[in-house]
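The values are calculated or read from the model by the stated rules, or taken from the named source; none is laboratory data. In this text the structure is predicted, and so the values were computed from the model without any measurement. Note that we place each Cβ from the backbone using ideal geometry, even for glycine, and neighbour counts take in every protein chain shown.
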Amino acid sequence: MPGWLSAGLAIQASYFVTAVLFILGLKRMSSPVTARSGILWAGAGMGVATLVTFLYPGMSNYGLILPAMFLGAGLAWWSGKRVAMTDMPQMIALYNGMGGGAAAAIAAVELYRGGAGGHVTEALAVLGGIIGAVSFSGSAIAFGKLQGLITGSIRFAGQQVLNLLLLAAALVLGGMVAAHFNAGPAVVTGFFVLALVLGVTMTLPIGGADMPVVISLYNALTGLAVGLEGFVLDNAAMIIAGTVVGSAGTLLTQLMARAMNRSLGNVLFSGFGDSGGEATGTVTGSMKPIEASDVGVMMAFASKVIVVPGYGMAVAQAQHKIWELCQLLIDRGVNVRFAIHPVAGRMPGHMNVLLAEAGVPYDLIADLDEINAEFETADVALIIGANDVVNPVARTDKGSPIYGMPILNADKAKNVIVIKRGKGAGFSGIENALFYLDNTRMLYGDAQKAGAELIAAVKAVG
Amino acid sequence: MTGMVALYIFMLAAFTGYEVIARVPVILHTPLMSGSNFVHGIVLVGAMVALGSAATPLEKTIGFIGVLLAAGNAVGGYVVTERMLEMFKASGARAKTKGTH
């Protein structure tokens, strides 16, 4: 090996290439046409960086590194391959939490060792440590909530005060560590325990409907933590990748919150997200059931049907059945469109992914701005397991927690058919005025089963 | 790396992240969140270095957990993102053959 080609240079050059590949990969992922190649580019970057890190000067413990890598990679590969598309949001939360935990672990190794860097370096390690630990335990709670392991939202008076106290206490201990003031291993341990508890208490009160925003926020935080630990380790790839994700993730979080017409502070601190329903006792009338055979006839002879999918479709894995139904209608000459609310499902774009999986072409899928004017001319609006995103109280009831959120104007259609499992309220816990309208009929049942019944009904029309 | 250079890198990377994501269509929000989730899996290289330099049993234990978690972040993030984007390709190709878009 010539003298100039040192391991150090090879590593720096490879990290540079990695950073470029990451940025180009993310850029490609932000357009539907190039999105698929984007992940390949970023993946190549990750591969290069991982391999070259084995050359790091002074590396030892390969007997630990390799098993840890294979174990973590194997478990993630296995779980990522077999998880259903509908459960993707919580898997993102889980993997993101792991990244935050890894950043915190790096900080812990540095801080327990002590005195490796100056005060500034240790302060950065502390900062990355607390952010990473909060992201780790917070994401774990988010995963538990979306997976249904944790139900309901635990809330009590003075919760925000407790969180503030926890944060303050963690920062004081972290400050002692960074300033080398009475900072033994016990202080480091206390610091991490407080940070982990803070992640839990911050996330527990947030309702499931707000989880996408929260997961996106933790994603940004993990990025930031990784960037900070990159400074500690003097690792350019981590600094650039972490910071890029930190800022991109922050923007993405804002876009999501905006799509729900909420501010981020509102999501984190207002405690809305479920069971905020006490404001709406004004719904009158009754829900009127209908049989699948009647709906089949209604749709078969309609000229325009707009399908509004929601989380209920995802839970029931009904996207294939629904698309089969729509194809039957299209063959009969019915104009069928899919209307996607920005936050339908559990994540922005969740419905698009599922419909894409079922094979629905792009041009049948419309977003809120495109489709809202068309509901007035639609014969049938078919609501499949969607609730809050079509609730007209968002337009009218100032007291409602979802007041002001842009909704799909499904209530303007001539007939509204709601496929719903039971009579309960939506994820936000708010009664849906749409269900009580005179032009609304309820088709009770799981979306998969209802879809099959509707297919049979439309076929029976002949 | 001196402090100021590090600060410049931080600033430029932050703007880059912002610019890369700006004007992204809503349908790509979830895949993109997943993709950026994969990108911060680069924490793996840091965890490898941390474990590679660990001396005491405590450091080794934490380092081991760090590498395990980081590898999970990177691989899981990749698999999930790839699976999501696979569908976009499939439906895009179909749409093309039908002469739309």
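Odds and ends about this structure:
- Residue count, the range A:133-155 (criterion: under 30 Å from residue A:228 (Cα atoms), within 18 Å of the chain's Cα centre (by Cα) and in contact (Cβ under 8 Å) with a residue 24 or more places away in the chain): 12
- Number of the condition not met by residue A:308 [criteria: (1) farther than 24 Å from residue A:90 by Cβ; (2) in a strand (DSSP E or B)]: (1)
- Residues considered: A:446, A:411, A:397. Of these, the only one that is within 15 Å of residue A:309 (Cβ to Cβ), in contact with a helix residue (DSSP H, G or I) (Cβ under 8 Å, 6 or more places away or on another chain) and of a type outside the set (Lys, Arg) is A:446.
- Of all the residues in the range A:253-301, those that are at pLDDT 85 or above, under 27 Å from residue A:159 (Cα atoms) and buried (at least 20 other Cβ atoms within 10 Å of the Cβ) number 1.
- Filtering A:300, A:292 for residues that are in contact (Cβ under 8 Å) with a residue 12 or more places away in the chain, more than 14 Å from every other protein chain (Cβ to nearest Cβ) and in contact with a strand residue (DSSP E or B) (Cβ under 8 Å, 6 or more places away or on another chain) leaves a single hit, A:292.
- Identification of helices (runs of 4 or more DSSP H) wholly contained in the range B:1-74 with 1 or more residues that are among the hydroxyl-bearing types (Ser, Thr, Tyr) and at pLDDT 90 or above yields B:3-21, B:29-39.
- Leading residue by the ranking (nearest to residue A:379 (Cα to Cα)) among those in the range A:317-347 that are crowded, with 22+ Cβ neighbours inside 10 Å and of a type in the set (Gly, Ala, Ser): A:339
- Of the residues making up the range A:192-210, at least one is within 12 Å of chain B (Cβ to nearest Cβ) and modelled with pLDDT of 95 or more.
- Residues being in contact with a helix residue (DSSP H, G or I) (Cβ under 7 Å, 6 or more places away or on another chain) and either within 14 Å of residue B:70 (Cα to Cα) or free of Cβ contacts under 8 Å to residues at least 40 places away in the same chain (or both) - total across the range A:54-63: 3
Conditions tested, residue by residue: (1) farther than 14 Å from residue B:70 by Cβ; (2) more than 8 Å from chain B (Cβ to nearest Cβ).
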{"position": "A:20", "(1), (2)": "yes, yes"}
{"position": "A:23", "(1), (2)": "yes, no"}
{"position": "A:26", "(1), (2)": "yes, no"}
{"position": "A:52", "(1), (2)": "yes, yes"}
{"position": "A:65", "(1), (2)": "no, no"}
{"position": "A:69", "(1), (2)": "no, no"}
{"position": "A:81", "(1), (2)": "yes, no"}
{"position": "A:89", "(1), (2)": "yes, no"}
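- Restricted to the range A:366-389, and to residues there that are closer than 14 Å to residue A:415 by Cα and in a helix (DSSP H, G or I), the residue that is farthest from the chain's Cα centre (by Cα) is A:377.
- Considered as a group, the residues in the range A:97-121 that are surrounded by fewer than 24 Cβ atoms within 10 Å (Cβ to Cβ) and in a helix (DSSP H, G or I) include one that is modelled with the lowest pLDDT, and that residue is A:119.
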